[in-house]
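*Asks:* This is the structure I want to talk about, given as structure tokens.
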Amino acid sequence: MLLNELLKAIQPVEVAGDSNIEITGVNIDSRLVEAGQLFMAMRGTQADGHAYIPAAIAKGAIAILCEDMPEEPVAGITYVRVKDSEDAVGKIATTFYGDPTSKLELVGVTGTNGKTTIATLLYNTFRYFGYKVGLISTVCNYIDDEPIPTEHTTPDPITLNCLLGRMADEGCKYVFMEVSSHSIAQKRISGLKFAGGIFTNLTRDHLDYHKTVENYLKAKKKFFDDMPKNSFSLNSFSLTNLDDKNGLVMTQNTKSKVYTYSLRSLSDFKGRVLESHFEGMLLDFNNHELAVQFIGKFNASNLLAVFGAAVLLGKKEEDVLVALSTLHPVAGRFDAIRSPQGYTAIVDYAHTPDALVNVLNAIHGVLEGKGKVITVVGAGGNRDKGKRPIMAKEAARASDRVIITSDNPRFEEPQDIINDMLAG
């Protein structure tokens, strides 16, 4: 693609050199640059891409996008100066890969908990309906039934647009995507067109990065602020959880049509838990009863979001209910393992105080005082330390015994993580 064509997606401050040149690829990692490519220098949290401009040119880059022009430009190289390279990278990437989200129904799921479950269940629901579907999630990315390994909840803009381009080329109609607060703050989703957005909840998480809960909230809210009025599906929607105090805050400035779901209040999609046991639940969604293989109110809320989104994407309520009754829990999300002796093990990736409380409350809701709860709980290294004592305190409050351990310690001493938890 000609550099001139790519630059139509952004507003450069300055272009030095020939912009009528053929660009063979776009990259933000100097190590991956090949001859004829555009290298885009971003100021990352760990390193500044501007330091790698000489390395990118040595690998064959013929154009450079940057915020600061080099003091000694290299002859024959075209330099494009922009005000915000983070924002520009996403828009350039989506243009280079043929604007894939103009050919797909892309639905983003954001919130502290429930993103993986909701995105995965939507993916499974629409495959049940017979569509080719894409999934971009923490656990794995899928192009229909082909797994694509993942490193981040939301990939970098180049990887993301390349993946979405493949999904469009291979005939996917729908794509369901987890949208992390990091990806919103770092503008990894810049340039993408969303047909719908879902908000699950907001509790303490990622304060090692966002510093305050208010910053964390603003990052999530920006996703809905930027939602278009119309998309490929003509009417974009925002589906928000009324049971979370931030539910309506998230959507107060969105241009998309706002819908609500709730287990407690009057809403567009209203749900109730009628019965609960370790094999599943009996639910009522919009005055229809359905039996599901999931446990806990938080899962009832997740399923209600899936129900609402599927209906907003044009499916009949009755058809969606049949699809939901066939679904299985996502691996590691309230996985129940039963032994013949009557013991039940629940495996859950709860990594926030709120998620842990939800899991323990769900267990007690089924036990009704007729059993003991032994909780094994840990926390990850080099992440928000403030939640560690809170998680341990909640585990101790709702368990007969607690075993404190570390999760993935990364670069911390496991015992330091355990000591932080013991303080709670």
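The values are calculated or read from the model by the stated rules, or taken from the named source; none is laboratory data. Note that the structure is a prediction, hence the values are computed from the model and not measured. Here the Cβ positions follow ideal geometry from the backbone for every residue, glycine too, while neighbour counts run over all protein chains shown. SASA here: full protein model, heavy atoms, side chains in, ligands and nucleic acids out. Shrake-Rupley method; radii C 1.70, N 1.55, O 1.52, S 1.80 Å.
*Asks:* Using a Gaussian network model of the chain with C-alpha springs under 10 Å, which one of N241, N287, N27 is most mobile by mean-square fluctuation?
*Replies:* Ranking N241, N287, N27 by mean-square fluctuation puts N287 first.
*Asks:* Excluding residues on the same chain fewer than 8 positions from K245, give the aspartates and glutamates whose Cα lies under 19 Å from its Cα.
*Replies:* Within the straight-line cut-off, K245 pairs with D205, E214, D225, D268, D354.
*Asks:* Sticking with this one: Taking a 19 Å limit on the Cα-Cα distance, which of the listed pairs K220/K385; K173/K315; K103/K193; K222/K255; K115/K221 fall beyond it?
*Replies:* Beyond 19 Å between Cα atoms: K220/K385.
*Asks:* Which angle between 0 and 90 degrees, to the nearest 10, do you get for helix 213-225 versus the longest principal axis of the chain when only C-alpha atoms count?
*Replies:* Its long axis makes an angle of about 70 degrees.
*Asks:* With the other protein chains left in place, how much accessible area per residue, in square angstrom, belongs to the range 365-424 at a 1.4 angstrom probe?
*Replies:* Details: 3620 Å² over 60 residues.
Per residue, the range 365-424 has an accessible area of 60 Å².
*Asks:* List the relative contact order of the chain as a percent without decimals, with contacts defined as Cα pairs under 8 Å and 6+ residues apart.
*Replies:* In percent, rounded to a whole number, it is 10.
*Asks:* Quick one: what are the phi-derived ³J(HN,Hα) couplings along the range 411-419, Karplus 6.51/-1.76/1.60 with θ = phi - 60°, whole Hz, x for glycine and proline?
*Replies:* So the Karplus estimates, Gly and Pro as x, are 9, 9, 6, x, 5, 5, 5, 4, 4 Hz.
*Asks:* Sort 98-111, 346-359 by the packing proxy (mean of other Cβ within 10 Å over each peptide's residues), most packed first.
*Replies:* Top of the packing list down: 98-111, 346-359.
*Asks:* With angles folded into 0 to 90 degrees, how steeply does helix 387-397 sit against the dominant principal axis of the chain? Use alpha carbons for both and round to 10.
*Replies:* The angle comes out near 10 degrees.
*Asks:* Using only alpha carbon pairs under 8 Å that are at least six residues apart, calculate the relative contact order of the range 244-387 and give it in whole percent. Before the final figure, lay out the partial values.
*Replies:* Working: 158 pairs, mean separation 22.0, N = 144.
With pairs under 8 Å counted, the relative contact order is 15 percent.
*Asks:* Straight-line reach from K370: which lysines have a Cα under 23 Å away, not including same-chain ones fewer than 8 places off?
*Replies:* Partners found: K297, K393.
*Asks:* How fast does the range 249-360 diffuse by Stokes-Einstein, in µm²/s, taking the Kirkwood radius from C-alpha pairs at 20 °C and 1.002 mPa s?
*Replies:* Translational diffusion coefficient: 140 µm²/s.
*Asks:* Another question, then. Read through the labelled values (i) 81, 66, 40; (ii) 78, 53, 39; (iii) 67, 58, 57 and report the label of the one computed as Cα extents along the principal axes in Å from the structure.
*Replies:* (ii)
*Asks:* Between the DSSP loop rule and a limit of at most 12 other Cβ atoms within 10 Å, which trypsin sites (Lys or Arg not before Pro) in the range 379-418 are left?
*Replies:* Answer in residue order: R410.
*Asks:* Given a 1.4 Å probe and the protein chains all in place, what does the accessible area of K315 round to, in Å² to the nearest 10?
*Replies:* We get 40 Å² for K315.
*Asks:* Taking amide hydrogens as modeled 1.01 Å from N in the peptide plane, which residues meet the under 5 Å criterion relative to D144, leaving out close sequence neighbours?
*Replies:* V133, G134, L135
*Asks:* Quick one: what does P(r) look like for the range 114-161 with 10 Å bins over all Cα pairs, in whole %?
*Replies:* 28, 55, 17, 0
*Asks:* Mind listing the phi-derived Karplus ³J(HN,Hα) values for the range 307-321, rounded to whole Hz, using 6.51, -1.76 and 1.60 with θ = phi - 60°, and x for any glycine or proline?
*Replies:* With the stated coefficients, the range 307-321 comes to 4, x, 5, 4, 5, 5, 8, x, 8, 6, 3, 4, 5, 5, 4 Hz.
*Asks:* Calculate one ³J(HN,Hα) per residue across the range 132-142 by plugging θ = phi - 60° into the Karplus curve 6.51 cos²θ - 1.76 cosθ + 1.60, and present them in order as whole Hz with x for glycine and proline.
*Replies:* Values per residue, Gly and Pro as x: 7, 9, x, 9, 10, 8, 4, 6, 6, 9, 9 Hz.
*Asks:* Between 0 and 90 degrees, rounded to the nearest ten: what's the tilt of helix 157-169 against the longest Cα principal axis of the chain?
*Replies:* 80 degrees
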